[in-house]
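Inspection log for the structure reproduced underneath, given as structure tokens.
The values are calculated or read from the model by the stated rules, or taken from the named source; none is laboratory data. Predicted model only: the values in this text are computed from it and were never measured. Quick reminder, even Gly has a Cβ in these numbers, built from the backbone with ideal geometry, and neighbours come from all protein chains shown.
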Amino acid sequence: MCKGPCTGLSGTFRDLTRAATAGARARRMIFALHYPGTPFLNETQRDELWRMFQVPVSAVLLDCDGRLLAYECEAQSLHVGPQAPWSDGVLESAPCECGRPGLRLRLARASPSASRMNPTFSAVEP
């Protein structure tokens, strides 16, 4: 575990809050790791990580073995990695606002009132 200043930190929300409590500081970026069955960060958690580290936070989706499935860009889109298990029906190829080419995971958000209570995302089937 990093103590003091580090270029960036990665871990689950719980790992990152523990690291901050232990004195870890990120200079550039936080990568919030998400494994199968775990929800994405909600806005409150993102705000808490910003308050703790004062650097951008990006989500990284990993499979059970820690392989990259998707990563969140600056535009908060999820770009799929080479091991992505999703079918074409949940992927979109329209250009991303961040400018990166490639497939992205099409996401569905709950209604605004529901997303405050259960801020999870899921792939959309056509």
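At positive phi and either at pLDDT 95 or above or not hydrophobic (A, V, I, L, M, F, W, C) (or both): does that describe Gly8?
Working: at positive phi: no; either at pLDDT 95 or above or not hydrophobic (A, V, I, L, M, F, W, C) (or both): yes.
No; evaluated as a whole, the condition is false for this residue.
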Exercise. Does the stretch 7-30 hold any residues that are farther than 26 Å from Val80 by Cα and crowded, with 16+ Cβ neighbours inside 10 Å, and which are they?
Worked result: Ala19, Ala20, Ala24, Arg25
Exercise. All but one of (1) at pLDDT 90 or above; (2) part of a loop (DSSP other than H, G, I, E, B) hold for Asp47; which doesn't?
Worked result: (2)
For this session: State the number of residues belonging to the stretch 64-79 that are under 13 Å from Arg106 (Cα atoms) and over 12 Å from the mean Cα position of the chain (by Cα).
Result: 0
Exercise. Just a yes or no: is a residue in the stretch 36-44 in contact with a strand residue (DSSP E or B) (Cβ under 6 Å, 6 or more places away or on another chain) and at pLDDT 90 or above?
Worked result: no
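Looking only at the stretch 67-98, how many residues end up being touching a residue at least 12 places away in the same chain (Cβ under 8 Å), assigned to a loop (DSSP other than H, G, I, E, B) and either surrounded by fewer than 16 Cβ atoms within 10 Å (Cβ to Cβ) or of a type outside the set (S, T, N, Q) (or both)? I'd like the intermediate steps shown before the answer.
Of the stretch 67-98, the ones touching a residue at least 12 places away in the same chain (Cβ under 8 Å) are 67-75, 77-86, 89-92, 96-98.
Still in the list and also assigned to a loop (DSSP other than H, G, I, E, B): 67, 73-75, 77, 81-86, 96-98.
In the following step, the residues that additionally are either surrounded by fewer than 16 Cβ atoms within 10 Å (Cβ to Cβ) or of a type outside the set (S, T, N, Q) (or both) were identified as 67, 73-75, 81-86, 96-98.
Summing the residues that are touching a residue at least 12 places away in the same chain (Cβ under 8 Å), assigned to a loop (DSSP other than H, G, I, E, B) and either surrounded by fewer than 16 Cβ atoms within 10 Å (Cβ to Cβ) or of a type outside the set (S, T, N, Q) (or both) in the stretch 67-98 gives 13.
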Problem set entry | Candidates Leu33, Leu41, Leu61, filtered to the one that is assigned to a loop (DSSP other than H, G, I, E, B), surrounded by 14 or more Cβ atoms within 10 Å (Cβ to Cβ) and under 11 Å from the mean Cα position of the chain (by Cα) | Leu41
